[in-house]
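Data first, discussion second: the structure below is written as structure tokens.
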Amino acid sequence: MGRPVPIGSAPPPERLPQFSPVSTLPTLEAAPLAIVVNFVRSGRATTRPELVATTGLSRKVVTQRVEQALALGLLEDGELAASSGGRQPRTLRFRAEAGHLYSAAIGASEFHAAIMDLSGAILASHHEDWGVEAGPEPTMQRVQSAFSALALKTGLGRPWAIGIGVPGPVEFATGRLVAPPIMPGWDGFGVRSWLREHYDAPVWVDNDVNLMALGEWTYGTPHDGRDMLFIKVGTGIGAGLVAGGRLLRGDRGAAGDIGHTHITDDPSAVCRCGRTGCLEAVASGWSMLEESMRRVEESPYLTKVLERTDRLTLGEIGAAAVTGDALALEMIDTRSRLVADVIANLVNFCNPGALVLGGGVLRTGPRFVDLVSSTVHARCIPLVTEHLTVRAASLDHREGVHGAGLLASSGLFATGPLTHWVESGSPLGHATTLQRLSAELA
Ligand SMILES: [Zn+2]
């Protein structure tokens, strides 16, 4: 009998080392070149003397590799920097316009798509109401059409990399959805494989809440670099945690998937995942919309809305609450309390510096954030709440698309992949190898 193999220990096929005989191996100069580019890109060094001081590379190597990076178009000379005694050194700048990235954030009922430069600045973007229950093929085709329209608008050619978020559990190493509760027809669908078949670019896929957390932590305001717990309450409910500047994904990518935490024994709380008693069954956006339709006659405001349109939205429920509508207030308050209880436990557990609330629930107005904030402050221990900031997400529902761009650029500029392509000046043509390298790193 052989050694027992722990369940789930076998690596997915993409993580097995595969060595292509035709791949061009980087030279010895590639590693210092990658270091020089990344130090300037991240702002850790802005002049040649700073590169010598911070990288540990010799003055000669820095001079040679900077010249190479300038010739490749990855860096350029900037203004003269302040002198520290001798001659004023010239600053160096990373050329964010050398290439561009595609990013998309697919939610349960909408998606954002964007083309960004290499620094993550959005060059053009697109937003569309779209239900993922339409299935993977029609959804991916819509995203592809959006990318094509944005490419036409900006006049930009092939992307250097693609980052995408989806509203379900994603196995990070393979970009495959695993039993997503609110995405019928997507189980086992390879988001990365689909995009790799349509684009000659490396693709990185993550859960939408993880990318919202990453986008908000990096670009949101106020930015203080402290650990952040991001909670999304939209059609579904999820959490993303950035700790020590890194997104916590867990072993396979499912960390933070709190929507299907069991919180009630009420058998009537039937969830979309097929079980009963889940947090989403009683506190999510879809449960609120369902209840508002069921009890609409109790609300004169929502009854009027329904006479005008054929469906209610979270924004309409928020507008009703502002007018003092009893049903809207009751539905928001009940859910806020249920979600706040779970959030308070999480805050006690991970002691974030900032608790940020995002997703469609923000369209119901400030009430939700206020209620969660007071519950968390009442339930958590003083050391946890003393310096805790509780606030709404600050990027106007674009945290996810920013996070997807960050995911793509961090994949492209990770040391292994960058060392592989940097001497070409561009990753174009290296997609297969870069994807393999990043799978090994995952
Ligand atoms: Zn569930």
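The values are calculated or read from the model by the stated rules, or taken from the named source; none is laboratory data. As the structure is a computational prediction, the values presented were derived from the model and not from experiment. We place every Cβ from the backbone using ideal geometry, glycine too, and count neighbours over all the protein chains shown. With ligands, DNA and RNA removed, areas are computed over all heavy atoms of the protein, side chains included. Shrake-Rupley method; radii C 1.70, N 1.55, O 1.52, S 1.80 Å.
Quick rundown of the values:
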{"read-out": "Cα-based helix-to-principal-axis angle, 367-379 vs the chain, degrees rounded to 10", "value": "90 degrees"}
{"read-out": "The range 312-406: radius of gyration over Cα atoms, expressed as a fraction of 2.2 N^0.38 Å", "value": "1.16"}
{"read-out": "For the range 263-277, 3J(HN,Hα) per residue [Karplus equation, 6.51 cos²θ - 1.76 cosθ + 1.60, θ = phi - 60°, Hz, x = Gly/Pro]", "value": "10, 8, 8, 4, x, 7, 7, 7, 9, 5, 7, x, 9, 10, x"}
{"read-out": "Of G234, G86, G244, the one that fluctuates the most in a GNM where the chain has Cα springs shorter than 10 Å", "value": "G86"}
{"read-out": "Fluctuation leader among S374, S145, S83 - the chain, Gaussian network, Cα springs under 10 angstrom", "value": "S83"}
{"read-out": "Mean-position separation - Cα centroids, the range 166-205 and the range 330-365, in angstrom", "value": "28 Å"}
{"read-out": "The chain: angle of helix 285-294 to the longest principal axis, Cα-based, in degrees nearest 10", "value": "20 degrees"}
{"read-out": "Electrostatic dipole magnitude of the chain [Cβ: Lys, Arg +1; Asp, Glu -1; Cα centre; debye, to 20]", "value": "1380 debye"}
{"read-out": "The range 223-392: Rg to Rh, with Rh as the Kirkwood radius over Cα pairs", "value": "0.99"}
{"read-out": "Beta bridges by DSSP in the chain, antiparallel share as percent, to the nearest 5", "value": "65 percent"}
{"read-out": "Crossing angle, helix 431-441 versus the chain [Cα axis fit, 0-90 degrees, rounded to tens]", "value": "70 degrees"}
{"read-out": "Per-selection Kirkwood Rh - the range 208-261 (Cα, Å, 1 d.p.)", "value": "11.3 Å"}
{"read-out": "Alpha carbon Rg of the range 84-216, scaled by the compact-globule rule 2.2 N^0.38 Å", "value": "1.21"}
{"read-out": "Fluctuation leader among L70, L329, L306 - the chain, Gaussian network, Cα springs under 10 angstrom", "value": "L306"}
{"read-out": "Compactness of the range 30-94 - radius of gyration and Dmax, Cα, Å", "value": "10.7, 32"}
{"read-out": "Pair R87, D200: separation of 7 Å Cα→Cβ label points (nm)", "value": "4.3 nm"}
{"read-out": "Prolate/oblate/rounded label for the range 155-240 (Cα gyration tensor, a/c 1.5)", "value": "oblate"}
{"read-out": "The range 30-94 - percent of accessible surface contributed by carbon and sulfur, probe 1.4 Å", "value": "51 percent"}
{"read-out": "Percent carbon-and-sulfur accessible area, the range 256-383, ignoring ligands, DNA and RNA, probe 1.4 Å", "value": "55 percent"}
{"read-out": "Unit charges at the beta carbon, dipole of the chain: most positive-side option, A408, A81, G238", "value": "A81"}
{"read-out": "The chain, relative contact order in percent, only Cα pairs under 8 angstrom and at least six apart counted", "value": "18 percent"}
{"read-out": "Per-residue [θ]222 nm for the chain (sum of -39500 (n - 2.57) over DSSP H runs n ≥ 4, rounded to 500)", "value": "-12500 deg cm²/dmol"}
{"read-out": "Alpha-carbon spread of the chain, three principal axes, descending order, Å", "value": "76, 60, 55"}
{"read-out": "Per residue, in Å², the accessible surface of the chain once ligands and nucleic acids are set aside, probe 1.4 Å", "value": "46 Å²"}
